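What follows is a set of notes on a single structure, which appears directly below.
Values quoted throughout were computed directly from the atomic coordinates according to the rules given, and no laboratory measurement underlies them. Keep in mind that what you see is a predicted model, and the values were worked out from it rather than measured. Every residue, glycine among them, receives a Cβ derived from its backbone with ideal geometry; neighbour counts consider all protein chains shown.
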Amino acid sequence: MKIAFIGGGNMAAALIGGLVGKVAEPQNIHVVDISADALKALGARFGVSTSTAIDGAIAAADVVVLAVKPQQMRDVVAVLKPFIGAQLVVSIAAGIRIADISRWLGGHEAIVRAMPNTPALIGRGITGVAPAAQVSTLQRAQADSILKAVGETLWVDAEDKLDAVTAISGSGPAYVFYFLEAMEKAAAELGLAPADGLQLAKVTFEGATELARRSEESVARLRERVTSKGGTTYAALTSMENAGVKDAIVAALKAADARSKELGDEFGKD
């Protein structure tokens with residue numbers, strides 16, 4: 001499989017790192033980016049071919065991955081259009097809808113929209129994926145193999161659900177980091193060295209998440225098992241409930257979902 005990346009940023013680099021030697025050989029991966037420095041680094045690290053401009057190399061690809069910012073997508077696709085034939089196009093830009101990409105490409109139908117997250121940088125990401133109706137079984141498998149190179153995939157049955165995926169997992173790592181920051185701050189105020197507090201918080205998050213993955217019990221039941229009435233955990237969770245923490249988190253994720261929809265409206269215009 002020959003794969004071309006339009007955009008050579010962190011997420012593209014993560015995908016390329018997962019693909020090389022497993023899904024595709026370096027000589028079958030081509031990267032286009034306006035940054036010569038970024039391309040130099042990618043070429044040296046992975047042995048892939050690079051270019052600062054979209055050119056004929058794109059026409060030879062089986063799959064074209066659009067890894068540019070939402071606000072850049074329309075202009076990039078306009079330049080890309082003459083080089084697109086039967087290729088599968090995979091977009092990892094937040095908010096940008098399949099119908100808009102298809103229209104900008106002159107009615108191209110083989111499009112998959114995906115929303116990865118930053119743990120892909122260490123091969124532990126999860127990507128929500130939605131295909132256009134016309135995507136073939138083979139093309140779906142191609143997209144899945146590319147995205148699974150950096151973690152798990154979750155295919156949704158309707159594209160509009162990717163806004164919720166963006167809110168939960170696409171933006172999700174930032175919520176975890178935010179909570180870790182709070183735990184680090186609390187640890188310092190309670191007299192622990194900041195580094196010790198952060199270590200405790202990180203390992204606790206990692207262990208609790210792995211326990212939730214392995215357990216057949218619901219996360220609510222797992223929480224209950226740690227919470228003895230009148231104990232320390234009960235005191236902490238009661239404080240959070242009284243402060244409306246859970247409702248605030250739900251509201252925050254709904255705000256992210258709404259912003260994803262807004263991005264589609266804002267940058268999907270002609």
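Hey, got a sec? Which GluC sites (Glu not before Pro) in segment 102-165 land in a DSSP loop and have at most 16 other Cβ atoms within 10 Å?
Sites meeting the loop and neighbour criteria: 109.
Once you compute Rg and the Kirkwood Rh from C-alpha atoms, what is the Rg to Rh ratio for the chain?
1.04
Summing -39500 (n - 2.57) over the DSSP H runs of n ≥ 4 in the chain and dividing by its residue number, what mean residue ellipticity at 222 nm do you reach, to the nearest 500 deg cm²/dmol?
-15000 deg cm²/dmol
Relative to the Cα centre, what is the charge dipole magnitude of the chain, using +1 at the beta carbon of each Lys and Arg, -1 at the beta carbon of each Asp and Glu, and rounding to the nearest 20 debye?
280 debye
What is the Cα radius of gyration of segment 28-103 over 2.2 N^0.38 Å, N being its residue count?
For segment 28-103, the normalised Cα radius of gyration comes out at 1.09.
With +1 on each Lys and Arg Cβ and -1 on each Asp and Glu Cβ, how big is the dipole of segment 169-270 about its Cα centre, in debye rounded to the nearest 20?
320 debye
For segment 27-40, take each phi angle, set θ = phi - 60°, evaluate the Karplus expression 6.51 cos²θ - 1.76 cosθ + 1.60, and give the result in whole Hz per residue in order, putting x for glycine and proline.
Running phi through 6.51 cos²θ - 1.76 cosθ + 1.60 with θ = phi - 60° gives 5, 9, 10, 10, 10, 10, 7, 6, 8, 5, 5, 4, 5, 4 Hz.
Suppose every Lys and Arg Cβ carries +1 and every Asp and Glu Cβ carries -1, with no other charges. What dipole size does segment 13-109 come out with about its Cα centre, to the nearest 20 debye?
Computed charge dipole of segment 13-109: roughly 180 debye.
By DSSP, what percent of the beta bridges with both residues in the chain are antiparallel, rounded to the nearest 5?
Among the beta bridges of the chain, antiparallel pairing accounts for roughly 15 percent.
So how tilted is helix 245-267 from the main axis of the chain? Cα-based, degrees 0 to 90, rounded to 10.
So the helix axis and the longest Cα principal axis differ by about 10 degrees.
Lys/Arg Cβ at +1, Asp/Glu Cβ at -1, dipole of the chain taken about the Cα centre: which of 4, 242, 67 is farthest positive-ward?
Checked the options; the winner is 4.
State, as an integer percentage, the relative contact order of the chain based on alpha-carbon contacts under 8 Å between residues 6 or more apart.
16 percent
At a Förster radius of 35 Å, what calculated FRET efficiency corresponds to the Cβ-Cβ distance of residue 220 and residue 99, to the nearest 0.05?
0.35
Determine the principal axes of the Cα atoms in segment 203-270, then give the extent along each, sorted from largest to smallest and rounded to whole angstroms.
The principal-axis extents, from largest down, are 58, 30, 21 Å.
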